[in-house]
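Asks: I'd like to ask some things about the structure below.
Derivation of every value follows stated rules applied to the coordinates shown; laboratory data play no part. The structure displayed is predicted, hence computed values, not measured ones. As a convention, Cβ positions derive from the backbone with ideal geometry for all residues, glycine included, and neighbour counts pool all protein chains shown.
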Amino acid sequence: MWADGAYTDKLAAWLDNEFGIRLLVVKRWEAQKGFMLLPRCWVVERTLAWLGRYRRLSKDYERCARSSEAMVYLASIRRLLQHLPA
């Protein structure tokens, strides 16, 4: 799993102990000045932008987390089906 540079080693240790998930923190270089695209940071931003196009996900309309999770699954399935070859 990739994470932004703001996450600490505590989160990485917790994920590894509880779930066996290895967290890779993407950090910028010390000598870096100005903007530079970091590897893998754009994946989460792009996915959230795609999901934000669906009206039901643009605001938090759901009363429980399970129905909100179901809407994310439905939007993801719809997106994948649109890109299948005809």
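Asks: What aspartates and glutamates sit close enough to Lys33 to cross-link, taking a C-alpha to C-alpha distance under 19 Å and skipping anything fewer than 8 places away on the same chain?
Replies: The reachable aspartates and glutamates, counting only those whose Cα sits under 19 Å from Lys33, are Asp4.
Asks: Another question, if that's okay. How high is the relative contact order of the chain? Use alpha-carbon pairs under 8 Å, at least six apart in sequence, and give a whole percent.
Replies: On the way: 50 pairs, mean separation 18.0, N = 86.
Rounded, it is 21 percent for the chain.
Asks: Based on DSSP loop calls and a cut-off of at most 16 other Cβ atoms within 10 Å, the longest stretch of the chain free of exposed trypsin sites (Lys or Arg not before Pro) is what?
Replies: 64-86
Asks: Taking the chain as the region of interest, what is the percent of Cα-Cα pairs per 10 angstrom bin, listed from the shortest bin to the one with the maximum distance?
Replies: Calculated over all Cα pairs of the chain, the distribution is 14, 29, 35, 19, 3 percent.
Asks: Right, another one. Taking the simple approach of a point 7 Å from Cα along Cα-to-Cβ for both Val44 and Tyr61, what is their distance in nm?
Replies: 2.7 nm
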